[in-house]
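*Asks:* The structure's right below; bear with me while I get my questions together.
Any read-out appearing in this document is the output of simple, stated calculations on the displayed coordinates, not a laboratory observation. Remember, predicted model here, so these are calculated numbers, not experimental data. Methodologically, a virtual Cβ is constructed for each residue, glycine included, from the backbone with ideal geometry; neighbour enumeration extends over all protein chains shown.
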Amino acid sequence: RVQVAVVVCAATVAEVTGSIIWGVYTYRLHNLPTFVPPAHGLVFMAGLALSEAMRRHARTLVIVAAAAATAWGIAGLTVLPRVDAAGALGVPLLLAFLWRSRARAAYAGVFLVVAGLELYGTAIGTWHWATKLPGLGIPDGNPPSGVASGYVWFDVMALLLAPYVLALTGAARGRPRAAI
């Protein structure tokens, strides 16, 4: 539960920054819909559930996610209707986490859930990504191939910060602090 709360908090800050302030993407009604912050928690839990369901095939899950991210990044630079240089910059970050992290299966699961959600959400017009990153001029896809790297940061925050949040809240309630 604490991991989900951290994801929702981190994602909400990122949503306000990326959408409302910076304008990297825009929701259909030009606001931050109220369903979006808690939906980030659902996406995180769906990715974890997928990785848990595929636990016996975790290596395959990671390989599929890495291959899909790589193919999407290359397609965004070569054959997709919009050049996706910004997205392609995020793909190596995702690949690094898929290659080196102990939580690689969770990141792979989240990537696959995010990819489906981004493709569907942009296809039906719930949100759209700017053609270029505002202020930087870097071409961006709709959705960008590297968008899942942003979600990986939410997951990293959840996995890293949840034990500290638990320790702090336990101390605030007068309980002994958890070993970290």
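*Asks:* Ordered by packing density, taken as the mean number of other Cβ atoms within 10 Å over each peptide's residues, highest first, how do 5-15, 149-159 rank?
*Replies:* In decreasing order of mean packing, 5-15, 149-159 become 149-159, 5-15.
*Asks:* Please report, for the Cα atoms of the stretch 36-180, the Rg to one decimal and the Dmax as a whole number; what are they, in angstrom?
*Replies:* 17.1, 59
*Asks:* Something else about it: Mind checking which of THR17, PRO33, ALA75 is farthest towards the positive end of the stretch 3-104's charge dipole, using Cβ charges of +1 (Lys, Arg) and -1 (Asp, Glu) about the Cα centre?
*Replies:* The listed residue farthest towards the positive side: ALA75.
*Asks:* Could you size up the charge dipole of the chain around its Cα centre, putting +1 on the beta carbon of Lys and Arg and -1 on that of Asp and Glu, and report it in debye to the nearest 20?
*Replies:* About 660 debye.
*Asks:* Taking amide H positions as placed 1.01 Å from N in the peptide plane, with prolines and chain starts having none, which residues 5 or more places from LYS132, or on another chain, fall under 5 Å of its amide H?
*Replies:* ASP140
*Asks:* Apply the Karplus curve 6.51 cos²θ - 1.76 cosθ + 1.60, θ = phi - 60°, to the phi angles in the stretch 53-70 and return the couplings in whole Hz, x for Gly and Pro.
*Replies:* 5, 9, 3, 6, 10, 4, 4, 5, 4, 5, 5, 4, 5, 5, 5, 5, 5, 5
*Asks:* Then there is this: Sequence gap at least 6, Cα distance under 8 Å: using those rules, report the relative contact order of the chain to the nearest whole percent.
*Replies:* 30
*Asks:* To continue, here is another question. Determine ³J(HN,Hα), in whole Hz, for all residues of the stretch 105-116 in sequence, where each value follows from phi through the Karplus function 6.51 cos²θ - 1.76 cosθ + 1.60 and θ = phi - 60°; x replaces Gly and Pro.
*Replies:* 5, 5, 5, 5, x, 5, 4, 5, 5, 4, 4, x
*Asks:* Now, a different point. Measuring from centroid to centroid over Cα atoms, what is the spacing of the stretch 84-139 and the stretch 1-77 in Å?
*Replies:* Using only Cα atoms to place each centre, the spacing works out to 8 Å.
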